[in-house]
1. Roughly speaking, what is the stretch gain from residue 158 to residue 30, that is 0.36 nm per residue apart minus the C-alpha to C-alpha distance, in nm to one decimal?
2. Rounded to the nearest 5, what % of the DSSP beta bridges within the chain are antiparallel ones?
3. Using a 10 angstrom cutoff on alpha carbons, build the Gaussian network for the chain and name the most mobile of 155, 82, 124.
4. Under a 10 Å cutoff between Cα atoms, tell me which one of 62, 53, 84 has the largest fluctuation in the Gaussian network model of the chain.
5. Rounded to whole Å and sorted largest first, what semi-axes of the equivalent ellipsoid does the C-alpha gyration tensor of the chain yield via the square root of 5 times each eigenvalue?
6. For the chain, what does -39500 (n - 2.57) per DSSP helix run (n ≥ 4), summed and divided by total residues, give at 222 nm, in deg cm²/dmol to the nearest 500?
7. Which whole-number percent gives the relative contact order of the range 49-199, counting Cα pairs below 8 Å spaced six or more residues apart?
8. Could you give the length gained on full extension between residue 77 and residue 97, defined as 0.36 nm per residue of separation minus the Cα-Cα distance, in nm?
């Protein structure tokens, strides 16, 4: 015979589940949105970010003491409205240049086209480029869109290895209020999607 909880026990279990679920829901966006820079290292902007996000990233770069500004990204498909550029790295580097980035410190690092693990692929391409140029990889700061930041840092840590301190800088969210992400469709899609992808 299997022992079953009483109705009071069931009620306590349900209430505990609701409380834990509510806490997890409230802090999910904050967990994914990491701000933990490693000042003085390489500064990396993910090329898929929007121009307003790129502007925020540039402002952070200009405030800090970073050694260089690198933009990563995969190739842009031919026939796309953006195909005047070869890659998202080159497109976002051009946006940053027009926003006032110092061309001497700005570098586009295109990655090969892959079907999956795009962030990991761009991290490997960046590591290869930095080592080829003799640039120190002791500190690498990856700038990403709010909820993508924790996953980006994890993948950069995997690509660069234990000898590199990977900092993370989250560009603020514009499409929804991070404190109440569950109240909007964009918030639910982004937070739940990134949480699943991170796990």
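What follows draws every value from the coordinates through simple rules; no lab data is involved. On a predicted model such as this, the values are computed, not experimentally measured, just so you know. Quick reminder, even Gly has a Cβ in these numbers, built from the backbone with ideal geometry, and neighbours come from all protein chains shown.
1. 43.9 nm
2. So the antiparallel bridges amount to about 10 percent of the total.
3. Of 155, 82, 124, the most mobile in the Gaussian network model is 82.
4. 84
5. Details: eigenvalues 283, 67, 55 Å².
The equivalent ellipsoid of the chain has semi-axes of 38, 18, 17 Å.
6. It comes out at -15000 deg cm²/dmol, rounded to the nearest 500.
7. That works out to 19 percent.
8. Numbers: separation 20, 0.36 × 20 = 7.20 nm, distance 2.26 nm.
Using 0.36 nm per residue and subtracting the Cα-Cα distance, I get 4.9 nm.
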